[in-house]
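First up is the structure itself, then whatever we jot down about it.
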Amino acid sequence: MENDELNVRLFLLTESDYYAIIQINGGFNMPKTKLGKGSLICIGLFFILLVIVQLIVASGQTGGETFFDNLYISIPMFLAGIAGVLSFVLGIIGIIKSKERSALVFISSLIGLLILVFAVGEFLGPAH
């Protein structure tokens with residue numbers, strides 16, 4: 001008998017109740033500030049440039065001894081790194097200064113932080 005009551009309760013939830021539950025549980029709201037929107041645009045640009053680099057490599061381009069030996073690969077990869085770090089910077093400034101609370105901005109800032117850590121590790125790590 002309890003299962004029937006539970007099914008009836010779930011069936012009686014309306015669409016507006018569903019959206020209210022998502023809002024209460026912290027759904028993926030879009031950012032409200034310019035800094036938050038800029039952070040999402042930069043992380044989107046990072047992924048687009050990363051796909052472009054993968055397509056260039058798949059077309060037969062190869063790297064060389066240094067980073068700038070093949071400009072077809074290095075320029076989009078360099079721009080992708082800048083976009084990722086900029087996503088982190090804009091996201092953190094938006095979170096602290098503008099009180100941005102969008103989960104998407106937190107995620108893009110975390111991805112940007114990981115990109116920054118990787119880039120710093122590449123510069124500070126031992127040479128091969």
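The values are calculated or read from the model by the stated rules, or taken from the named source; none is laboratory data. Note that this is a predicted model, so its numbers are computed, not measured. In this analysis, Cβ positions are derived from the backbone assuming ideal geometry, glycine residues included, and neighbour counts consider all displayed protein chains.
Only one of the numbered conditions (1) surrounded by 15 or more Cβ atoms within 10 Å (Cβ to Cβ); (2) closer than 27 Å to ILE56 by Cβ; (3) not hydroxyl-bearing (Ser, Thr, Tyr) is violated by ILE92, and that is (2).
Every residue, every condition in (1) under 29 Å from LYS32 (Cα atoms); (2) in a loop (DSSP other than H, G, I, E, B); (3) among the aromatic types (Phe, Trp, Tyr), yes or no:
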{"site": "VAL57", "(1), (2), (3)": "no, no, no"}
{"site": "GLU65", "(1), (2), (3)": "no, yes, no"}
{"site": "ALA80", "(1), (2), (3)": "yes, no, no"}
{"site": "PHE88", "(1), (2), (3)": "yes, no, yes"}
{"site": "ILE111", "(1), (2), (3)": "yes, no, no"}
{"site": "LEU114", "(1), (2), (3)": "yes, no, no"}
{"site": "GLU122", "(1), (2), (3)": "no, no, no"}
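Selection of region 97-117 for residues being modelled with pLDDT under 95 and over 11 Å from the mean Cα position of the chain (by Cα) yields SER98, LYS99, GLU100, ARG101, SER102. For residues that are of a type in the set (S, T, N, Q) and more than 14 Å from LEU110 (Cα to Cα), tally how many sit in region 69-94. Matching residues across region 69-94 total 2.
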